[in-house]
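The values are calculated or read from the model by the stated rules, or taken from the named source; none is laboratory data. Everything quoted here is computed from the prediction, not taken from an experiment. All Cβ positions, glycine included, derive from the backbone under ideal geometry; neighbour counts span all protein chains shown.
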Amino acid sequence: LRNPKVLRNPKVLPHASSSPSPDATSRLQLVKRPRSAARAFRLLFRRSLLQTARDHLTNLLRLASTAGLAAVFGAQFGVLDGGGPSTATSVASRVALMSYGVISMGMLATMRALDRFAKERPIVGRERAERKYGGLTYLSAKAMAELPSDAAFAVLFGAMVRSKCGLHAPLHQLAAVNALLASTSAALGLAIGAAAPRAEHALAVGAPIMVIHMLVGVIDPAGASSEKDSQTMRLLRRLSPVRHAIEACCLSELRDRPLARPKGFVGPQLGALAGVTSGNDVLSRLGIVRADGSPKSFRDPMRMLGALGVGHMAVCAAALVVSAPRFARTEPAEPEEEGGHEGDGEG
């Protein structure tokens, strides 16, 4: 660089004057080669874990909001039956309490998944365009890193509500319902986010879908009405994670459980719960029964809830595959034959 000729004439620099040969140009790749799926999965999984762990403020707010929501539930419903055996008087309150809890956890998990997916979508789109990883690899790493945190907060909420309101459902069953509900609802949010063409569309569609799930999922306190429902409503009810989670909670709380009748007892006089004498009687009045009329098993709605979660993940995976960035392959220009233009000019 100390040569004055070089300073006066930059064209003397080798890198400025040299140009790749046609053979070298043909070997250039406009898109990077993809990394191995295993290595990409490890990197994505680690990145998701670090993002979740480093966001201390969000985690503290989630913890505070979960505890605060459970405290509000406790203040609203109080300790049912004073913490003693279940009575027919408190049955309606128990069903309402569990229904509101399921709706709250399902909505929170779905909207949180939609929000996270919307924030990551531009970055993920660029990285997939560079062929750093595929859609299935991204989905697997994201699900394994983030779904457990959603399930953990839902389990914490269920345990606090059970303690504050005097529910009798076994703790492990109530925790399983809340964890599976949160995971299934989060998977629904991922599926909506992947299927929507833009992040704003996903946020606009996600809330109405959850409202529909709540509408068809809440158990009618007036009693079972499945015989009068259309095929469409029955299908929507089967696709509602809210419905299966409420059924699982009711089965865990009421199945094979006697209802105490204290002195001076006055039970429900109107509606489907009038004159109920046992938990199985309540389940039958609410329509949580099999085709033969016997109460469902706790595993029945849990299987349906798990199947919905798998289905949501499958829809998300298919949407990511369909929306994968695609580029047209370009061929290098063929060198023109020497003297071709000269011959044309002479003619």
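Specify which of the listed residues (Arg62, Arg47) is touching a Ser or Thr at 6+ places or on another chain (Cβ under 9 Å), surrounded by 13 or more Cβ atoms within 10 Å (Cβ to Cβ) and modelled with pLDDT under 95.
Numbers: Arg47 fails: touching a Ser or Thr at 6+ places or on another chain (Cβ under 9 Å).
Answer to the check: Arg62.
Tell me, please, whether a residue that is within 17 Å of Arg243 (Cβ to Cβ), of a type in the set (Val, Ile, Thr) and either at pLDDT 60 or above or surrounded by 16 or more Cβ atoms within 10 Å (Cβ to Cβ) (or both) can be found in the stretch 319-334. Walk me through it before giving the result.
Of the residues in the stretch 319-334, the ones within 17 Å of Arg243 (Cβ to Cβ) are none.
Among the residues of the stretch 319-334, not one is within 17 Å of Arg243 (Cβ to Cβ), of a type in the set (Val, Ile, Thr) and either at pLDDT 60 or above or surrounded by 16 or more Cβ atoms within 10 Å (Cβ to Cβ) (or both), which makes the answer no.
Let me confirm something: among Ala109, Ala143, Ala53, which residue is touching a residue at least 60 places away in the same chain (Cβ under 8 Å) and over 25 Å from Lys164 (Cβ atoms)? Don't jump to the end; show me each part of the working.
Numbers: Ala109 fails: over 25 Å from Lys164 (Cβ atoms); Ala53 fails: touching a residue at least 60 places away in the same chain (Cβ under 8 Å).
Of Ala109, Ala143, Ala53, the one residue that is touching a residue at least 60 places away in the same chain (Cβ under 8 Å) and over 25 Å from Lys164 (Cβ atoms) is Ala143.
Take the stretch 243-282 and flag every residue that is modelled with pLDDT of 90 or more and touching a Pro at 6+ places or on another chain (Cβ under 6 Å).
Across the stretch 243-282, the qualifying residues are His244, Glu247, Ala248, Arg255.
Taking the conditions exactly as written (of a type in the set (D, E, K, R), in contact (Cβ under 8 Å) with a residue 12 or more places away in the chain and closer than 23 Å to Leu50 by Cα), does Arg162 satisfy them or not?
The answer is no for Arg162.
Quickly run through the stretch 123-176 and pick out the residues that are assigned to a loop (DSSP other than H, G, I, E, B) and closer than 27 Å to Ala70 by Cβ.
Gly166, Leu167, His168, Ala169, Pro170 - these are the residues of the stretch 123-176 that are assigned to a loop (DSSP other than H, G, I, E, B) and closer than 27 Å to Ala70 by Cβ.
Hey, does the stretch 113-120 have a residue that's among the aliphatic types (A, V, I, L, M) and under 30 Å from Gly82 (Cα atoms)? Reasoning before the result, please.
Restricting attention to the stretch 113-120, the residues satisfying the condition of being among the aliphatic types (A, V, I, L, M) are 113-114, 118.
Pick out the ones that are also under 30 Å from Gly82 (Cα atoms) and you get none.
Among the residues of the stretch 113-120, not one is among the aliphatic types (A, V, I, L, M) and under 30 Å from Gly82 (Cα atoms), which makes the answer no.
Could you say whether any residue in the stretch 146-155 is modelled with pLDDT of 90 or more and over 23 Å from Asp115 (Cβ atoms)?
Kept after step one, since they are modelled with pLDDT of 90 or more, are these residues of the stretch 146-155: 146-155.
When the remaining residues are screened for being over 23 Å from Asp115 (Cβ atoms), the result is none.
Checked against the condition, which is being modelled with pLDDT of 90 or more and over 23 Å from Asp115 (Cβ atoms), the stretch 146-155 yields no hits at all.
Looking at the stretch 70-80, can you tell me whether even one residue there is surrounded by 21 or more Cβ atoms within 10 Å (Cβ to Cβ), in a helix (DSSP H, G or I) and at pLDDT below 95?
Restricting attention to the stretch 70-80, the residues satisfying the condition of being surrounded by 21 or more Cβ atoms within 10 Å (Cβ to Cβ) are 70.
Add one more test, that the residue is in a helix (DSSP H, G or I), and what stays is 70.
From what's left, at pLDDT below 95: none.
Checked the stretch 70-80: no residue is surrounded by 21 or more Cβ atoms within 10 Å (Cβ to Cβ), in a helix (DSSP H, G or I) and at pLDDT below 95.
Hey, could you check the stretch 220-234 for residues that are surrounded by 12 or more Cβ atoms within 10 Å (Cβ to Cβ) and modelled with pLDDT under 65 and say which is farthest from Arg285 (Cα to Cα)?
For the stretch 220-234, the residue satisfying everything is Ala222.
Only one of Asp81, Asp115 is touching a helix residue (DSSP H, G or I) at 6+ places or on another chain (Cβ under 8 Å) and more than 30 Å from Ile209 (Cα to Cα); which? Outline the logic, then answer.
On the way: Asp115 fails: more than 30 Å from Ile209 (Cα to Cα).
Only one candidate qualifies: Asp81.
Hey, does the stretch 122-135 have a residue that's farther than 30 Å from Val72 by Cα and in contact with a Leu (Cβ under 7 Å, 6 or more places away or on another chain)? Before the answer, list the steps.
Taking the stretch 122-135 as the starting set, the residues that turn out to be farther than 30 Å from Val72 by Cα are 122-135.
So of that shortlist, the ones also in contact with a Leu (Cβ under 7 Å, 6 or more places away or on another chain) come out as 133, 135.
Checked the stretch 122-135: at least one residue is farther than 30 Å from Val72 by Cα and in contact with a Leu (Cβ under 7 Å, 6 or more places away or on another chain).
With respect to Gly206, is the statement that it is modelled with pLDDT under 95 and assigned to a helix (DSSP H, G or I) true? Give the derivation first.
On the way: modelled with pLDDT under 95: yes; assigned to a helix (DSSP H, G or I): yes.
Yes, satisfied.
Taking the stretch 110-147, which residues are of a type in the set (Val, Ile, Thr) and buried (at least 21 other Cβ atoms within 10 Å of the Cβ)?
Thr110, Thr137
One residue is enough: does the stretch 295-316 have a residue meeting the conditions in contact with a Lys or Arg (Cβ under 6 Å, 6 or more places away or on another chain), modelled with pLDDT of 85 or more, surrounded by fewer than 20 Cβ atoms within 10 Å (Cβ to Cβ) and not polar (S, T, N, Q)?
The initial filter retains those residues of the stretch 295-316 that are in contact with a Lys or Arg (Cβ under 6 Å, 6 or more places away or on another chain), namely 295-296.
Restricting the remaining residues to those that are modelled with pLDDT of 85 or more gives 296.
Still in the running and surrounded by fewer than 20 Cβ atoms within 10 Å (Cβ to Cβ): 296.
Then drop every residue that is not not polar (S, T, N, Q), which leaves 296.
Yes, the stretch 295-316 contains at least one residue that is in contact with a Lys or Arg (Cβ under 6 Å, 6 or more places away or on another chain), modelled with pLDDT of 85 or more, surrounded by fewer than 20 Cβ atoms within 10 Å (Cβ to Cβ) and not polar (S, T, N, Q).
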